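A short write-up of the structure that comes next.
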Amino acid sequence: MAPSAFLWLLLGALYFFIPLIATTLFSLKSNQTGHCCTAANYSWVIHSAAFWHSLKISALLALETIVISLLLFVPTIYWVHLKLPKLRPVIAFLALIPFVVPPIVMVVGLLRFFKGTPSWFYAQPWGFLAGAYVILAFPYMFFSLDAGFRAIDVHTLTEASQSLGARWTTTLVKVILPNIRAAALAGSFLTLAIVMGEFTIANLSAFHTFPIFIQYVNESQGFPAASLTLLSFGITWAAMGSLLLVGRKRGTGGAVVAGAR
Amino acid sequence: MSGRRRLSLAWLATVPFFAYTILFLFLPAGSVLIGAFQGTVHGYTFGNVRQLFNHPYIDAYKTSIEVSLVTSVIGGVAGLFIAYAAIREGTPRWIRSALTTFSGVAANFGGIPLAFAFIATLGPLGIITVFFRKHGWDPTQHGLSLFSKTGVELTYMYFQLPLMILVIAPAIDGLRKEWREASANLGGSQLQFWRYIGVPVLMPSLLGAIILLFGNAFAAYATAYSLTSGTVNLVPILIGAYYSGNVLNNPHLAQAMAFGMFVVLALMMVIYIPLQRRAARWAK
């Protein structure tokens with residue numbers, strides 16, 4: 001290896017690993033004495049009801065976001081690939097917009113536009129927040145699924161299915177869906193990572209999701225916050241690791257993620 | 001005739017997607033646009049937008065743009081060097097795949113947890129701060145603070161570098177081995193290869209990636225919020241303060257600030273799109 005290459009990689013590795021090591025060390029320190037080593041911070045997290053509550057909200061939100069975006073995108077992209085190929089650039093462009101518009105701008109608009117709507121929507125994370133997160137998931141869902149649909153022969157599969165007498169719904173659920181499973185999973189894991197880390201929209205619309213809980217602990221108790229930080233990093237790892245696992249199959253594409261900032 | 005009817009039915013199937021996009025993307029965006037030009041009592045005004053050019057709003061834009069420029073240019077160049085170091089011949093292949101995997105995770109590791117990781121490293125009790133203090137040099141007494149503009153920039157690098165590595169790697173792959181050999185055969189030196197071939201070929205992708213990084217930092221809210229509790233005056237922080245604090249006497253000002261962010265990003269896209277087109281020519 002060239003010396004300069006070694007130097008750059010070493011510098012990069014130091015920059016990326018020292019904060020993780022520091023967080024790990026912090027997570028092992030006692031919150032009372034500040035000394036090493038104890039597992040008390042981890043047990044504090046596990047025994048915190050607020051932790052489980054916020055984690056549950058975020059996990060359910062992620063699930064809801066994934067289901068809505070799959071329902072929205074799978075039929076649309078299928079149809080566009082089958083019948084309306086000219087529409088594909090339009091949808092690709094629309095799906096890219098949330099990647100460019102900052103969440104802070106998005107939430108200002110959403111708060112103003114939906115102000116005064118019924119409280120079952122506006123005051124519930126399952127309404128307002130999920131609605132916003134589906135938009136955040138747009139680029140990741142679209143580009144994963146689009147790559148999946150491009151890797152299969154939509155026309156032949158559909159014709160074969162229909163000549164055997166299947167209806168549209170049967171074709172979509174029993175023929176198309178199994179063939180784009182890897183792509184749908186890839187999009188879902190990306191969405192999961194986004195929702196589990198999203199702070200901006202949740203904070204400005206005052207919903208108590210998992211990242212909001214981490215920030216609350218951050219402000220009040222230093223060392224337990226370290227164990228939460230590691231846990232959050234672990235969730236990101238798990239989502240990205242699963243993505244790589246399904247990515248081995250063809251047609252999942254390489255999506256670049258830029259999640260919670 | 002029947003062909004035309006089928007076409008109109010075909011459009012119908014995409015209605016849910018477009019309806020959702022209109023409801024959750026376009027109408028709220030339009031709402032920001034209208035709100036930015038509305039007066040507190042009634043009627044339309046340029047007053048909100050004009051106020052953006054006064055303190056502290058104009059300073060927030062300057063700080064935001066400065067932080068984004070610094071982290072995108074330094075992050076972009078350093079990311080390029082790291083990516084090149086991992087991809088170039090002579091580096092073991094596993095390093096590249098390890099770097100790509102790690103970058104995929106790190107690019108997504110932002111916000112609150114990232115701020116904490118840096119507090120644990122460079123904060124007043126962080127391990128590096130404590131290490132230097134033990135050896136007789138206290139960084140906090142030399143004006144070095146994590147909770148400053150420089151601190152925010154240093155922290156933003158944690159998601160800027162991996163994003164750069166992910167985005168620029170395909171362009172580095174596009175630098176073909178044959179070009180290097182051809183250059184060497186004609187007597188070109190290492191420096192001449194980069195001066196006349198490498199840099200010009202990479203330049204469009206490099207500039208495009210840096211603009212992407214600019215937008216990435218410009219939009220960031222959670223990291224700076226958690227790190228500085230709002231003491232560094234960035235546009236997203238200022239907008240956030242209008243909603244979470246008790247200073248909301250004029251919501252239209254927050255909408256005007258959001259509109260201003262959008263204008264900056266739209267300008268960025270105007271530069272980005274043609275650069276991306278040129279860069280695509282060299283991709284495989």
- Item | Sorted largest first, extent of segment B:57-144 alpha carbons per principal axis (Å) | 45, 41, 22
- Message: Show me the trypsin sites (Lys or Arg not before Pro) within segment B:68-124 that DSSP assigns to loop and that have at most 16 other Cβ atoms within 10 Å of their Cβ.
- Response: B:ARG88
- Item | Over chain B - Rg/Rh using Cα atoms and the Kirkwood inverse-distance radius | 1.07
- Item | Backbone HN-Hα couplings from phi across segment A:202-214 [Karplus 6.51/-1.76/1.60, Hz, Gly and Pro as x] | 4, 5, 6, 9, 6, 10, 8, 8, 4, x, 5, 5, 4
- Could you state the principal axis extents of the C-alpha atoms in chain A, from the largest down, to the nearest angstrom? 73, 61, 31
- Task: Return a whole-number percent for the relative contact order of segment B:3-111, with Cα pairs under 8 Å and 6 or more residues apart as the contact set.
- Result: 8
- Determine the shape class of segment B:82-206: with a ≥ b ≥ c the square roots of the Cα gyration tensor eigenvalues, call it rounded for a/c under 1.5, and otherwise prolate if a/b is greater than b/c, oblate otherwise. prolate
- Note on the structure: A correct Kirkwood calculation over the Cα atoms of segment A:6-100 returns a hydrodynamic radius in Å of 18.5
- Message: What is the ratio of the Cα radius of gyration of segment B:141-189 to 2.2 N^0.38 Å, with N the residue count, to two decimals?
- Response: 2.02
- Item | Residue pairs, from the table A:LYS29/A:LYS56; A:LYS86/B:LYS62; A:LYS56/A:LYS115, whose Cα atoms sit over 30 Å apart | A:LYS86/B:LYS62
- Kyte-Doolittle at least 0.5, axis length at least 27 Å by Cα - qualifying DSSP helices, chain B: B:57-87, B:149-173, B:199-219, B:251-280
- Query: What list of ³J(HN,Hα) values in whole Hz, one per residue of segment A:13-24 in order, does the Karplus curve 6.51 cos²θ - 1.76 cosθ + 1.60 (θ = phi - 60°) give from phi, with Gly and Pro shown as x?
  - Reply: 4, 4, 4, 7, 8, 4, x, 5, 5, 4, 5, 4
- Message: Show me the ranking of peptides A:214-222, A:130-138 by mean Cβ neighbours inside 10 Å, starting with the highest.
- Response: A:130-138, A:214-222
- How much length is gained if the chain between B:GLU89 and B:ILE65 is pulled fully straight, taking 0.36 nm per residue apart and subtracting their Cα-Cα distance, in nm to one decimal? 4.9 nm
- What 222 nm value per residue comes from the helices of the protein assembly as shown, counting each DSSP H run with n ≥ 4 as -39,500 (n - 2.57) and dividing by all residues, nearest 500 deg cm²/dmol? -23000 deg cm²/dmol
- Query: Cross-link partners among aspartates and glutamates for B:LYS177, C-alpha distance below 16 Å, same-chain residues fewer than 8 apart left out?
  - Reply: B:GLU89
- Query: How far is the Cα center of segment A:25-97 from the Cα center of segment B:54-107, in Å?
  - Reply: 24
- Message: Tell me the relative contact order for segment B:52-280 as a rounded percent, counting alpha carbon contacts under 8 Å between residues six or more apart.
- Response: 32
- Query: Regarding the protein assembly as shown, what are the three Cα extents along the principal axes, ordered largest first, in Å?
  - Reply: 86, 74, 51
- Query: Expressed as a rounded percentage, what relative contact order does chain A have, with Cα pairs under 8 Å and six or more residues apart?
  - Reply: 29
- Item | Choice from A:ILE180, A:ILE21, A:ILE68 showing the highest fluctuation, given a GNM over chain A with Cα pairs closer than 10 Å | A:ILE21
- Query: What angle do you read, to the nearest 10 degrees and between 0 and 90, between the alpha-carbon axis of helix A:49-82 and the longest principal axis of chain A?
  - Reply: 20
- Between segment B:147-194 and segment A:219-244, what is the C-alpha centre distance in whole Å? 30
- Message: Per residue, how big is the convex hull of segment A:82-198 when only Cα atoms are used? Give it in Å³.
- Response: 133
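Read the figures in this text as sums done on the coordinates, not as results from a lab. Computed from a predicted structure; not experimentally measured. All Cβ positions, glycine included, derive from the backbone under ideal geometry; neighbour counts span all protein chains shown.
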